[in-house]
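J.: Provided herewith is a single structure, encoded as structure tokens, for subsequent inquiry.
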Amino acid sequence: MGSVAALAVAGLSKRYGATVALRSLTMRIVPHEVHAVLGENGAGKSTLVKILSGAVQPNSGTIELAGQPYAPRTLLGARRAGISTAFQELSLLPNLSVAENLLLPRVSGTRFWPEAAGSITRRAEAVLKEWAVTDIDPVARVEALSLAERQRLEIVRALSHRPRLLILDEPTAALPDATWLFRQVRRLTETGVAVLYISHRLSEVRELCQRATVLRNGESIDTVDLAGVKDDQIFAMMVGRAPERAYPAPVAAAAGAETLIEARGLTTGRLRDVSLSLKSGEILGVAALEGQGQLELFRALGGVGTHEAGEVRYNGRPVALTSPRRALRAGDGIAYVPEERKTEGIFGGLTAAANMSLPQVPRIARGGLIHHRLDVAATRTAAEAVSLADRYFGFRVSDLSGGNQQKVVLARALMTRARCLVMFDPTRGVDVGTKQAIYTMMRGFVADGRAILVYSSELSELVHLCHRCLVIYGGRIVADVGRDRLTEEYLLAAAHGHGGAAPLRAAS
Amino acid sequence: MSVDQRLGEAGRMPADTRGTSRLSGETVTIGVIFALTVAMILGSRVISPAFGGWNQAETILYLASFLVFCSFGQGLVILVRGLDLSIASVITLGGVLTTTWLAGDNGDLVFILPAILVVCTLVGVASGIGVSLLKVPPFIMTMATGIIVYSLCLGVTRGTPRGYPAPVLNDVMRAELAGLPVPILVLAAFVAGGFLLQSYSTYGRRLYAVGNNPAAAHVVGLPTVRVTIGAYAISALCAGFTGIMLASYANGATLRMGDDYLLPSIAAVVVGGSSILGGKGNFLGTVGGAILLTTLATILSALGIEQGWKTIVEGGVILFALMVLREQVYEALRTWMGSERR
Amino acid sequence: MSLANPPLPARWRPIRLLTNGALLITGVYLILVVIYAATEASALSAYSIESLLNNSLPLMLAAAGQTFVILQGGFDLSVAGVISLANVIVAVVPVEGPWGALANFAMVVGIGLAVGAVNGLAVAYLRIQSIAATLATMMICKGISLLILQAPGGYVSEFMAYELTGSLFGQVSVAALIALAVALVWVVFRRTNTGLALFAVGRDANAAALSGINVRRTRFIAFCWAGVFYGAAGYMLAAQTSTGNPAAGDPFLLLCFAAVALGGTSFSGGAGGVIASLMGAATLMLMQKVLFSTGVSSFYTGVFQGTVMIVAVLLMTLVHMASRQRRAQR
Amino acid sequence: MRTLKTAKTLACGALLAGTTLAAAGPAHALTDDGRFLIYLSLSYSGNSWQSEAANIVKALAQTPPYDEMVELVEVISGTDPQAQISDYESMIAAGADGIVSFPISSTALNRVVRRGCEEGVLFFMYDATVTEQCAYNISYITSGFGENTAQALVNAMGGEGKIFLSRGVPGNSVDERHTNGAMHIFDQYPGIEVVAEYYSYWDDRTTQQETAMALAAHPDVDGIWAQAGEFGAIQALLQADPNRLVPVTGENSNGFRLALANPDYQAVGLAGVSAGSPPAQSGYAFKLMMEILQGQREPLPVGERNIEYPLPWVPADAVTLCEGDTFADGCNAFPEGLVPGSFVTEVFNPVLLPELSLASALEGEPTPGATIQPLPADVVVAAPNEPGINCQRCEPPADLYSLTKVEPTVEPN
């Protein structure tokens, strides 16, 4: 600690209009260190990232980079000073190629005439290879990549600028497997680079990082040696109170529950001949590695995608799930909670209350007219179910934090009054408090005879939450795991196609 | 929306004004537009002693009413991320049908007027189907329907629209009720109705949702296709209504009667604070925009300067108004007030 | 360990080629050429082709300029104003000879650049909505044009009027060469860093900013390019009509948007290209010829024009969807 | 990437496609059945004036013996000069014998017109003109509409008062000519004050709105000098105050003429004169062209092809209602209801166009029983040079704005 700090931040604050995003932040990162920044959504982590990467300027406070004062005004300025960032909201351009994205903003390295495409590709290929990415074609357009591939690309881009300080903001949100990332990070720190690491996954943080700075309400609470503190202590620092137990035991599903949804032989995209049944009172989990067809399955059931073959019955009667609207009206209703909050979930310009009331607007309107007070009255129960605080009702949703946005999306799913929820990774990128709220909501939802089908990229979540869990590999269901044998190891093995690890059971 | 705003991280802060930001932001815009308008009217007394009074305001409101009618529909279409270039032709269609079908007769007014509006609405439905179901870009679709409708008007009238609107229509345009010209009363009712429809009706709510995020609207199960078609249908309906009013006002129809309303209708919507990218806007702002533009035209016409200078001044004033009405100006104001409070 | 998608297989690329806007609109154009050639005996005569190209060039240039602005995600109505202004300037200050033509060209480019810079400032730095800001600059330009020339008139130098609308070596139409040059400029430009930035900003300004792209500068440059092309359009219009007209730009306003849209360039930005817009403009002008040669009743030409526009776009959408479907099925 | 490049190359190629192809030049002759191939090229069929002018030509082409001699094709080019250039090119390529046209621009069409002339095509422009000397311009523009109506207005106002100028289309040479003529007169009277000047695009509805705006600023206006669209000015005056009309001069709409002759209106102050652009010019142009084509008349030498059409001049007391649908006894307006208010009345000319009836102007129908009468031998009246109107680099005569229809009753100061 005696050496010059790679990064030293003191008394940093940032206001947006009358909103204070960072109040007073002080922290120190030394070379060779992987330093975690922990905090709930809205604690100020992203603002810190934006300031350090030059996207916004702080109102007060000082930053020193390797002993030199540092006040970047642009992203390129930050890069020149030696800071590069892999952003949480992936800053890739889908309409450009992998190579172009990698080399932005100076794709063409020549001065008077654009560099030949082949030469650009070769340079990009070299970069990818340097960071041990060999399965991404530099010529491919980014929109053709999976989310996990994009995430890796974002990280490689940050790595490739040879930073003195690397910022990784939720780098594993879409990475099913962090091994590659950790290897690269360690390679980097060996050369003396410091890494600022932001993640909601405490287990990862413990594996990779040495120290952590905890933020709450825009203030740095403390910097701790991770080895010396327990999870509960960290959570307490993050939320400012003692945490509830992370995963209360699930309530057992009522015996003899009726079958609500029965799918037979669904085939679409990667999905091959999948059959499943969802019973009342049940949280049915789906585990799979990235891109095994789970997305197609969920979208087909939600009416967002189509399926080429197969049949879905609801309460025993066949239903056509050709649109989300049809799905909502099929049987007792299927409501889909989409994977991409920003593009398919929220209406950023509408208030939280208006977002939530949308499915019921015709019913809650008086004489065809509707206003904020009616919205609030109608959505209060649903908001309580996801623990969304009343004072957010009048906020524009785009002004809310990611966790609260997700709560709004879930409350809206409740507002549809559908009996079945089909949720794709509902806790991705949300903080611990929100996760708790979501778990509580899910349990409450199925307690009175409704049902949930949920996919999650976090196996621990499935293990603790579900009554039963399906594992999909290569487009097929390879395991149907009951509550009694539900462990992370078991799911992981099955998800990698090691069918031998468990007796393969046909879907009931 | 500025990058900075989007990057804004939410916090659980005590001095939080986000909840009221949207409403007051719009209110400020609308307030500024009307304030500008009133200032211009009062200031114009310098130009002519007859200006600056109620008579001038009355003339302005009267003439602005046509623009307000068609801008409402334009605003709805823009709200759902579209653009309606067919309104010029549909205004013409409304006017031509008014003179040819009524042919100067009061008799079947109660049947024919709705019939005209239905025909116009159908044009909008066609545009809406093209845009929402066939996925033709709104620009091309409405431009094409506009060209087609215009061409049909041309062919059917063989170039000369015949007849007169019913005399009673022309009388209505000149009548006064409680000391106010009837068209201004119609305007007031229209603005009230339009405002309720856009901001407080279930349909309006759905329009905002579809305009804000079409993909999310689809996932939520909103009838996005119907909502979109509805916007184009209402736009055509309003254009048809504008055509009827114009034909009644001018006591006859011409085939280019709608041309003057296409760009101004878009300008009124945008000056009124709506985003051309959809999902954001308020009808009262549009009304303010329409009145502002008409006021400007009225004052300029009284100014004894060359047409070139008039056009330059008009463009300059619009540019100035846009600069004043920028969201950033309001944001800066908010920041300043926020820091003052502290 | 993650099972990523395999890289884009080479097999897909022909499909991507099919969905390329430039090729689709070229297909539509060729269909119209066939109809035109079948209905008009002299359609393929050297003179017909040359005059068609001459006639199409101003719109093609205007559409090319508009494409820059639309790609970065906006509208530019000032096209009508700049064309009028450039047209009037050339006719009021004609300079004889090839150097004169060059001098005139420098003037209009300067004017276009200036107006484009004003637009760029207003949109990129003052953050005014492009459609509104450019509406204002359009009006101002039209006003200035009217002050310079109250009625159509003025002269255009002999060199401009004849050499620029003629043929080189009696074989290759100058208009075609200019169009080709524009296409080449585009092919090079879109591979430059600014060109890529244009696509990036149009698709997602936020992500572009986080990728280190100077968003404002990119938008500003797009408007400048657009202005230059409008100036060139006004210049070629003057060459073709041999005169100035203060209202010369008006017909271009909607047509150039139609041309861009026909070329398949997305109005939400980030997808499309100048070559497609050039072909879109050429298609619109060819349509006028086809309507004439097929003898569509003059009152109802609009019905056919409108229908052809919709059908052309639908055709392109269909091909696009079909190729998507095949891609999805894989 | 490579395939994309190919696409571009292909697209570029298409731009050039066929520039090196060569085929036979356009055939130039009568059509197969021995008729003259005549094109009627309109700029903008969309107001009464344009369609009446077109209908007159269509009616004449169906009147014996022309019905056996002429194949008439109507083409509408919209408002875009580029479109009209394209259409002219097509007509020349199709082997036109003659083109009767309302030109969209006085200058932009020159090049294609000159080329047409070289191919032997006769160009007859009506109303609007081109400055290319090989084309025939048949127009009233040079006949002094502006100065004569301005003098009439000054007379009606007693030489002083505030006036509005309701002009046509900004940047248009015709509008420019008319206004210059009018200002030549107004400038001689210091008592005349132009308080508002606005453009009405020769349209009734626009005139009405623009006049209403001007009236808001100047309710005490004493007279309105208007180009086409004048009926809208009357409507705006009536709307503002039904009991106060002022002298209005304007063009030839039926509504205006009826208003001028209306004693109730006269009682509250309406006076004025109806003059301006007659649609009948098109018929005259067409007949003149046919006579030249048939060899009945020698082509005029290039440089002398600007022909003046006489200015219609109908003061209030001269308005006479037509009894039937033919032109008889010098009548010059139709009863309300027979035609729309915007109908332009000057569709007949007993000397030049005795073949026409109301149906000719409204529907393009020939008059039953009528046959084409030859034009009087000495009919052609040369129009004076007007730079930018009918010639490019030329000097206007010194007495360009001399009065022809009216004498000043108030002495200019």
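Read the figures in this text as sums done on the coordinates, not as results from a lab. Because the structure is a prediction, the values reported are computed rather than measured. Neighbour counts are summed over all protein chains in view; Cβ atoms, including those assigned to glycine, are modelled from backbone coordinates with ideal geometry.
J.: Enter the mean projected area of the convex hull around the alpha-carbon atoms of the stretch D:273-413, in nm², rounded to one decimal.
T.: Over all viewing directions, the stretch D:273-413 projects a mean Cα-hull area of 11.8 nm².
J.: What whole-number value in cubic angstrom gives the convex hull volume per residue for the C-alpha atoms of the stretch A:383-508?
T.: Convex hull of Cα atoms, per residue: 121 Å³.
J.: How big, in percent, is the set of alpha carbon pairs in the stretch D:45-131 lying more than 22 Å apart?
T.: When all Cα pairs of the stretch D:45-131 are counted, 25 percent exceed 22 Å.
J.: Within 10 Å, count the other beta carbons around each residue, average over each peptide in C:157-165, A:332-340, and list them highest first.
T.: A:332-340, C:157-165
J.: Fewest to most neighbouring Cβ within 10 Å: what's the order for A:Lys342, A:Lys45?
T.: Fewest to most other Cβ atoms nearby, the residues stand as A:Lys342, A:Lys45.
J.: Mean residue ellipticity at 222 nm from the helices of chain B, using -39,500 (n - 2.57) per DSSP H segment of n ≥ 4 over the full residue count, to the nearest 500 deg cm²/dmol?
T.: -24000 deg cm²/dmol
J.: Which whole-angstrom value gives the distance between the alpha carbon centres of the stretch B:264-299 and the stretch D:333-383?
T.: 47 Å
J.: Moving on. As a footprinting exposure proxy, order D:Cys322, D:Cys394 by other Cβ within 10 Å, with the fewest listed first.
T.: Ranking D:Cys322, D:Cys394 by Cβ neighbours within 10 Å, fewest first, gives D:Cys394, D:Cys322.
J.: Please arrange D:Lys162, B:Lys310 by counting, for each residue, the other beta carbons lying within 10 Å of its beta carbon, fewest first.
T.: Sorted ascending by nearby Cβ count, the order is D:Lys162, B:Lys310.
J.: Something else: Amide H neighbours of A:Val286 under 5 Å, at least 5 residues apart or on other chains, H built in the peptide plane: list them.
T.: Under 5 Å from the amide H of A:Val286: A:Val454, A:Tyr455, A:Ser456, A:Leu470.
J.: Can you compute the equivalent ellipsoid semi-axes for the stretch B:64-314, i.e. the square root of 5 times each eigenvalue of the Cα gyration tensor, sorted largest first and rounded to whole Å?
T.: Those come to 28, 22, 18 Å.
J.: Something else about it: How big is chain D on each of its three principal axes, counting only the C-alpha atoms and giving the largest first in Å?
T.: Principal-axis extents of the Cα atoms in chain D, largest first: 72, 65, 43 Å.
J.: Rg and Dmax of the stretch A:7-239, Cα atoms, in Å?
T.: Just the Cα atoms of the stretch A:7-239 yield Rg and Dmax of 17.9, 59 Å.
J.: Got a sec to turn the phi values of the stretch B:309-323 into Karplus ³J(HN,Hα) couplings, 6.51 cos²θ - 1.76 cosθ + 1.60 with θ = phi - 60°, whole Hz, x for Gly and Pro?
T.: 5, 4, 4, 4, 4, 4, x, x, 5, 4, 4, 4, 4, 5, 5
J.: Related question: For A:Ile221, list long-range residues whose amide hydrogen, built 1.01 Å from N in the peptide plane, is under 5 Å from its own amide hydrogen.
T.: When sequence neighbours closer than 5 places are left aside, the close amide H contacts are A:Val214, A:Leu215, A:Arg216.
J.: How far is the Cα center of the stretch C:228-300 from the Cα center of the stretch C:181-223, in Å?
T.: Between the Cα centre of the stretch C:228-300 and that of the stretch C:181-223, the gap is 24 Å.
J.: Which net charge results when you count Lys and Arg as +1 and Asp and Glu as -1 among the other residues whose beta-carbon is under 14 Å from that of D:Ile56?
T.: -4
J.: Here's something else I'd like to know. What whole number of Å gives the distance from the Cα centroid of the stretch B:200-224 to the Cα centroid of the stretch B:121-195?
T.: Measuring centre to centre over Cα atoms gives 26 Å.
J.: Then there's this: For the stretch D:57-73, what does the Karplus curve 6.51 cos²θ - 1.76 cosθ + 1.60, with θ = phi - 60°, yield as ³J(HN,Hα) per residue in whole Hz, taken in order and with x for Gly and Pro?
T.: Karplus values, whole Hz, x for Gly and Pro: 5, 4, 5, 5, 5, 9, 8, x, x, 4, 4, 8, 9, 10, 10, 9, 10.
J.: What's the average, rounded to a whole number, of partner chain beta-carbon atoms within 10 Å of each residue's beta-carbon in C:193-200?
T.: 6
J.: Quick one: net charge of A:Gly331's neighbours, Cβ under 13 Å, K/R +1, D/E -1?
T.: Net of charged neighbours comes to +4.
J.: Related question: Which entries of D:Lys162/D:Lys405; A:Lys14/A:Lys407; B:Lys310/C:Lys142; A:Lys342/A:Lys407; A:Lys14/B:Lys280; D:Lys58/D:Lys287 have Cα-Cα distances beyond 18 Å here?
T.: Checking Cα-Cα distances, D:Lys162/D:Lys405; A:Lys14/A:Lys407; A:Lys14/B:Lys280 exceed 18 Å.
J.: Going by a ≥ b ≥ c, the root eigenvalues of the Cα gyration tensor, does the stretch C:45-317 fall in the rounded group (a/c under 1.5), the prolate group (a/b larger than b/c) or the oblate group?
T.: In terms of gyration-tensor shape, oblate.
J.: I'd like the mean, over residues of B:313-323, of how many other protein chain beta carbons sit within 10 Å of each residue's own Cβ.
T.: Neighbouring Cβ atoms belonging to other protein chains average 6 per residue here.
J.: Across the stretch B:193-208, in residue order, what do the Karplus-derived ³J(HN,Hα) couplings come to in whole Hz, using 6.51 cos²θ - 1.76 cosθ + 1.60 with θ = phi - 60° and x for Gly and Pro?
T.: The phi angles translate into x, x, 4, 4, 4, 6, 9, 10, 9, 5, 5, x, 4, 5, 4, 4 Hz.
J.: What is the average number of partner chain Cβ atoms found within 10 Å of a Cβ in A:327-333?
T.: 1
J.: Run through the stretch B:31-90 and list the chymotrypsin sites (Phe, Trp or Tyr not before Pro) located in a DSSP loop whose Cβ has at most 16 other Cβ atoms within 10 Å.
T.: In loop regions of the stretch B:31-90 (DSSP not H, G, I, E or B), there are no sparsely surrounded chymotrypsin sites (Phe, Trp or Tyr not before Pro).
J.: Let me ask you something else. Name the residues whose placed amide hydrogens come within less than 5 Å of the amide hydrogen of D:Tyr199, ignoring near sequence neighbours (fewer than 5 apart) on the same chain.
T.: So D:Tyr199 has HN proximity to D:Arg167.
J.: Once the other residues with Cβ under 14 Å from the Cβ of C:Ala101 are scored (Lys, Arg +1; Asp, Glu -1), what is the net sum?
T.: Its environment carries a net charge of -3.
J.: Taking all pairs of different Cα atoms in the protein assembly as shown, averaging 1/r and flipping that mean, what Kirkwood radius in angstroms comes out?
T.: The Cα-based Kirkwood calculation yields 35.8 Å.
J.: For chain A, what is the mean residue ellipticity at 222 nm derived from helices alone (per DSSP H run of n ≥ 4: -39500 (n - 2.57); sum divided by total residues; nearest 500 deg cm²/dmol)?
T.: -9000 deg cm²/dmol
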